[in-house]
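Student: Before I ask anything, here is the structure I am working with.
Laboratory data are not the source of any read-out in this text; all were calculated from the coordinates shown. Since the structure is predicted, the reported quantities are computational estimates derived from the model, not experimental observations. Cβ atoms come from the backbone with ideal geometry, glycine included; neighbour counts cover every protein chain shown.
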Amino acid sequence: MALVPGEYEFECSECNGDGNIEIGPVDHPDHEWVTCPDCHGDGELLVDEDEAAEMIDDGREPLRGPSTWRMPLPCPRCFQSYDLDEAKASFDHQYAGSSDWKYDVVVPMHMCADCASEDADARWMDGELESADGPPPSADEVKGAWRTIGKKLGW
Ligand SMILES: [Zn+2]
Ligand SMILES: [Zn+2]
């Protein structure tokens with residue numbers, strides 16, 4: 001059965017997807033297996049979008065979601081959730097016409113746009129990444145630039 005937008009399926013945490021739970025002490029004669037009261041023996045829970053968002057926040061991964069749905073991945077550097085397509089678009093836009101870096105080419109793993117640009121800048125300064133703009137300024141050039149700025153500001 002395909003899920004419709006707003007429906008998410010999780011493994012039942014009460015019975016760990018088994019559908020049955022053990023009640024009573026294991027060695028006791030009263031010990032028995034009963035149908036899980038949470039999922040009624042299905043082993044799975046169907047929840048709506050809001051409940052699913054809470055469960056994902058708790059670190060649980062849905063088994064299934066609507067076909068349009070994608071798992072929101074947190075950025076591996078800052079752990080903020082971000083949209084990969086948006087991160088790519090904003091990264092490409094930020095460097096278009098300057099270093100001409102493309103997210104798909106220079107970003108080693110998927111991360112948010114802020115982290116991706118910090119990472120790319122750091123690798124450029126280290127000489128690992130080439131830029132259409134040319135090499136990073138040398139230490140002397142940086143000093144010279146500061147001197148020029150300093151003079152302008154009357155330092
Ligand atoms: Zn259950
Ligand atoms: Zn990030």
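Student: Size of the dipole of segment 6-155 about the Cα centre, Lys and Arg at +1 and Asp and Glu at -1 on the beta carbon, nothing else charged, in debye to 20?
Tutor: Numbers: 11 positive and 36 negative charges, 365 e Å.
With only Lys, Arg, Asp and Glu charged at Cβ, the dipole is about 1760 debye.
Student: For Val4, put the label point 7 Å out on the Cα→Cβ axis and report which residues of segment 41-67 keep their amide N under 16 Å from it.
Tutor: Flagged as within label range: 46-50, 65-67.
Student: Pull up the cross-link candidates among the aspartates and glutamates for Lys152, meaning alpha carbon to alpha carbon under 17 Å and not fewer than 8 places away within one chain.
Tutor: Cross-link targets: Glu141.
Student: Also, quick follow-up: Where does the chain land at 222 nm, in deg cm²/dmol rounded to the nearest 500, when only DSSP H runs of n ≥ 4 count, each adding -39500 (n - 2.57), divided by all residues?
Tutor: So the helix-based figure for the chain works out to -10000 deg cm²/dmol.
Student: Give the longest segment of the chain that steers clear of GluC sites (Glu not before Pro) in DSSP loops with at most 16 neighbouring Cβ atoms within 10 Å, not counting the sites themselves.
Tutor: On the way: sites that count: Glu14, Glu128, Glu130.
In short, 15-127.
Student: Still on this structure, I have one more. Once you keep just the Cα pairs under 8 angstrom separated by 6 or more residues, what percentage relative contact order results for the chain? All intermediate terms of the calculation are to be shown ahead of the outcome.
Tutor: Numbers: 186 pairs, mean separation 27.3, N = 155.
In percent, rounded to a whole number, it is 18.
Student: Of all chymotrypsin sites (Phe, Trp or Tyr not before Pro) in segment 28-129, which ones are in loop regions per DSSP and have a Cβ with at most 15 other Cβ atoms within 10 Å? Intermediate values should be presented prior to the final figure.
Tutor: Working: sites: Trp33, Trp69, Phe79, Tyr82, Phe91, Tyr95, Trp101, Tyr103, Trp124; in loops: Trp69, Phe79, Tyr82, Trp101.
In loop regions of segment 28-129 (DSSP not H, G, I, E or B), the sparsely surrounded chymotrypsin sites (Phe, Trp or Tyr not before Pro) are Phe79.
Student: State, to one decimal in nm, how far the label point of Asp38 lies from the label point of Ala53, with both points 7 Å from Cα in the Cβ direction.
Tutor: 2.2 nm
Student: Further, regarding this structure: What lysines does Lys151 reach when the alpha-carbon gap must be under 19 Å and sequence neighbours fewer than 8 apart in one chain are set aside?
Tutor: Output for Lys151: Lys143.
Student: In whole Hz, with x marking every Gly and Pro, tabulate ³J(HN,Hα) for segment 143-153 from phi via Karplus 6.51 cos²θ - 1.76 cosθ + 1.60, θ = phi - 60°.
Tutor: 4, x, 4, 5, 5, 4, 4, x, 4, 4, 8
Student: Kindly express, to the nearest 10 degrees and within the range 0 to 90, the angle between helix 113-125's C-alpha long axis and the longest C-alpha principal axis of the chain.
Tutor: Helix 113-125 and the main axis of the chain meet at about 40 degrees.
Student: Taking Lys88 as the anchor, which lysines have their alpha carbon closer than 26 Å to its alpha carbon, excluding any fewer than eight residues away along the same chain?
Tutor: Lys102
Student: Hey, could you get me the Stokes-Einstein D for the chain, Kirkwood radius over alpha-carbon pairs, 4 °C and 1.567 mPa s, rounded to whole µm² s⁻¹?
Tutor: On the way: Rh = 20.3 Å.
Approximately 64 µm²/s, per Stokes-Einstein.
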